[in-house]
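Note sheet for the following structure.
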Amino acid sequence: MAAAGLLFMVVSAAPAEARKYPKIFGSIELFSAKTTRFPKWLGMLDRFQGGTKLCESATCTTKGWKEFITDLQGKDLATQLREVNRAFNGHRYILDINNWGEEDYWATPYQFLKKHGDCEDYAISKYFTLKALGVPIEDMRVVALRDLNLNLGHAVLVVYVGDQPMMLDNQIASVVPANSVKHYNPVFSINEAGWWLHRR
């Protein structure tokens, strides 16, 4: 994720909603339902929700999507998380500037299936695959963060399994408890219900 995109923040957030989730990476969370300040997220949602009619082209495909979801239907959540993480981590990492001619472009799963992508594209594809498998959107967030070891922006998917936030990361082969990773500093997280500002 481009540093400019990662640091694209606002401070007009309200206290977190009534339902309590475990903290991500030990941060304080401020919730807002207003996602209008995240045009890349909203643009990706519009393209994805636009359907599959235009998705057999040089930049988009649905090939294998439904079959993959069908194969995982009815499996336990741990298996679904593991297999979704494994399958999408098998795609190549490609910078947005090389894929799209932009420093920070948020691709849909169909675009990722065709052209691969960078960190937030992995996280987005995993999010929508798990959503299609029945995981509630309230239990998932795409988290934009700072990798303190590399001093770079990064993005992962966090899925809440009971009281445990589990992390699906294109840099880690297995699904791990998010809070076991100490060198990630969350900046914001987002799903279709809203977004959270994270502070230490």
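Rule-based calculations on the coordinates, nothing more; no lab input. Because the structure is predicted, anything quoted here is derived from the model rather than measured. All Cβ positions, glycine included, derive from the backbone under ideal geometry; neighbour counts span all protein chains shown.
Going by amide H atoms built from the backbone, whose H comes under 5 Å of the H on residue 25, apart from near neighbours?
Close amide H contacts, sequence-distant or interchain: 179.
Just in segment 131-185: which trypsin sites (Lys or Arg not before Pro) are loop by DSSP and have at most 12 other Cβ atoms within 10 Å?
Sparse-neighbourhood loop trypsin sites (Lys or Arg not before Pro): 182.
Determine ³J(HN,Hα), in whole Hz, for all residues of segment 101-111 in sequence, where each value follows from phi through the Karplus function 6.51 cos²θ - 1.76 cosθ + 1.60 and θ = phi - 60°; x replaces Gly and Pro.
The phi angles translate into x, 10, 5, 8, 10, 9, 8, 7, x, 5, 5 Hz.
Springs between alpha-carbon pairs under 10 angstrom, Gaussian network model over the chain: which of 114, 23, 75 fluctuates most?
In this elastic network of the chain, the residue with the biggest mean-square fluctuation among 114, 23, 75 is 75.
Which of the residue pairs 40/63; 34/131; 34/75; 23/63 have a Cα-Cα distance greater than 27 Å in the structure shown?
34/75; 23/63
In the chain, if every C-alpha pair distance is counted and binned at 10 Å from zero, what percent goes to each bin?
All Cα pairs considered, the percentages come to 9, 38, 39, 14, 1.
Name the aspartates and glutamates eligible as straight-distance cross-link partners of residue 182: C-alpha to C-alpha under 12 Å, and not fewer than 8 places from it in the same chain.
147
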